[in-house]
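Everything on this sheet refers to the single structure shown next.
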Amino acid sequence: MAHEAKRGPMSLARRTRRSASTAVLYALLIVLALYFLFPTVFMVVSSLKTDELQLMADMGGVRGFIPYGEIGLGNFQRVFQEMAFGRFFFNSVFILVMTVGIGLLVNSMFAYSLARLRFRGRAILVSVVVALIIVPTESVVIPMLLMVNTVGWIDSYQVQIVPFVADAFSIFLFYQFFIQVPKDFDEAALIDGAGYWTVYARVILPLSRPVFASVAILQGIQHWGRFLWPLMVTRGETYRPLPVAIQQFFSQDPKAWGSIFAFATMTTIPLLILFLVFQKWFVQSVASSGVKG
């Protein structure tokens, strides 16, 4: 009885410390979440303020996060009036869907061949893929520009899609996932008479939803905000994406910050939708980092 009486207070103290630690952890997470949400909240609130003078005055203080004064959708209407936003939006969506969609197929197939097939030079290819991850796109844009200019692709959709379909980082992520998938699945299918294409399509793909979601989100964010390459290879509004189009507002004097924030808000919404659609699998991929055999 004495032992149980002693054990009771110790257990209570342990639970109290654990609850306090959990409360502190959640408080820190809330503060961190608010820290990352502040820019988005500021952008959305500023896009709704139609008084440019009020918007400029609120930028340097806490009032920039508070929706008050003249609130409306006038800034959004001005964006559509001053430029062909619908055309730019379509260009960005089309380029993103084609680049990411084709890239998921090409990069996953290449990674699957590296993870499952045994051939001479395989280790060298894996090393090359890893080495290419650290090569920034900016360092090769001039040779790329000369190449696409030679084939006559300047000012087109394909010049913004084809050069970025194959991606070393995506291949590496797929490769890391595939090497953790138990080979028993492949061997069972091969014994039943299936080929490698069938194994890839009917066995590997259904198991790879988390990594596909992760790659789709990461590549989507990267391609949606790409600026330097489209600026170099587009000449007019026909094929120009959103990140280049927003420069039209920065060229004005004085700058229409309300329109800029409205433009940025409409540009951010598709990324939020993309993350919400694939959130479940993205979190699953980050948490599990593969399939346990």
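The values are calculated or read from the model by the stated rules, or taken from the named source; none is laboratory data. All values reported here derive from a predicted model rather than from experimental measurement. Cβ atoms come from the backbone with ideal geometry, glycine included; neighbour counts cover every protein chain shown.
Within region 43-81, if we keep just the residues that are aromatic (F, W, Y) and modelled with pLDDT under 90, the residue that is surrounded by the most Cβ atoms within 10 Å (Cβ to Cβ) turns out to be F65.
Filtering region 102-117 to residues that are closer than 14 Å to F212 by Cα and of a type in the set (G, A, S) leaves G103, S108, A111.
May I ask you to say which residue of S92, S46, S21 is among the small types (G, A, S) and out of contact with any Leu (no Cβ under 7 Å at 6 or more places or on another chain)? Going through S92, S46, S21 in turn, just one is among the small types (G, A, S) and out of contact with any Leu (no Cβ under 7 Å at 6 or more places or on another chain): S21.
Scanning region 114-127 for residues that are surrounded by 12 or more Cβ atoms within 10 Å (Cβ to Cβ) and free of Cβ contacts under 8 Å to residues at least 24 places away in the same chain turns up R122, L125.
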